[in-house]
1. Residues 61, 52: which one is exposed (fewer than 15 other Cβ atoms within 10 Å of the Cβ) and out of contact with any helix residue (DSSP H, G or I) (no Cβ under 8 Å at 6 or more places or on another chain)?
2. Go through the residues of the stretch 55-66 one by one and say whether even a single one is under 11 Å from the mean Cα position of the chain (by Cα) and closer than 12 Å to residue 1 by Cα.
3. Quick one: in the stretch 11-54, which of the residues that are under 15 Å from the mean Cα position of the chain (by Cα) and in a helix (DSSP H, G or I) is nearest to residue 70 (Cα to Cα)?
4. Could you tell me whether any residue of the stretch 48-61 is closer than 19 Å to residue 16 by Cβ, touching a residue at least 40 places away in the same chain (Cβ under 8 Å) and in contact with a strand residue (DSSP E or B) (Cβ under 6 Å, 6 or more places away or on another chain)?
5. Could you list, in sequence order, the residues of the stretch 1-20 that are touching a residue at least 24 places away in the same chain (Cβ under 8 Å), farther than 22 Å from residue 54 by Cβ and surrounded by 12 or more Cβ atoms within 10 Å (Cβ to Cβ)?
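Read-outs: derived from the displayed coordinates by stated rules, not from any lab. What you are looking at is a predicted structure, and each value in this text was computed from that prediction instead of being measured. As a convention, Cβ positions derive from the backbone with ideal geometry for all residues, glycine included, and neighbour counts pool all protein chains shown.
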């Protein structure tokens, strides 16, 4: 299963762990319509701290769930 952008309900994670589903988890970073060119938020240094903070929060929230195989 692939999650997208936003933190999942804790019950979802309990269920996928229990039933053995594999999960691809994504950080809470959504930048549709920004493209991959010079307007990309990932290329703007001002967004670096926010992106790192969201990735750290995701890892802390999900670190004990064996169902997550890709971050």
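1. Details: 61 fails: exposed (fewer than 15 other Cβ atoms within 10 Å of the Cβ).
Of the residues listed, the single one that is exposed (fewer than 15 other Cβ atoms within 10 Å of the Cβ) and out of contact with any helix residue (DSSP H, G or I) (no Cβ under 8 Å at 6 or more places or on another chain) is 52.
2. No.
3. Going through the stretch 11-54, the residues under 15 Å from the mean Cα position of the chain (by Cα) turn out to be 12-13, 22-32, 42, 50-54.
Checking the rest, the ones that are also in a helix (DSSP H, G or I) come to 12-13, 42, 50-54.
Values: 12: 16, 13: 14, 42: 20, 50: 21, 51: 18, 52: 17, 53: 18, 54: 16 Å.
Filtering the stretch 11-54 for residues that are under 15 Å from the mean Cα position of the chain (by Cα) and in a helix (DSSP H, G or I), the one nearest to residue 70 (Cα to Cα) comes out as 13.
4. Going residue by residue through the stretch 48-61, those that are closer than 19 Å to residue 16 by Cβ are 58-61.
Those still in the list that are touching a residue at least 40 places away in the same chain (Cβ under 8 Å) too: 58, 61.
Going one step further and asking which of them are in contact with a strand residue (DSSP E or B) (Cβ under 6 Å, 6 or more places away or on another chain), we end up with none.
No, the stretch 48-61 has no match at all.
5. 17
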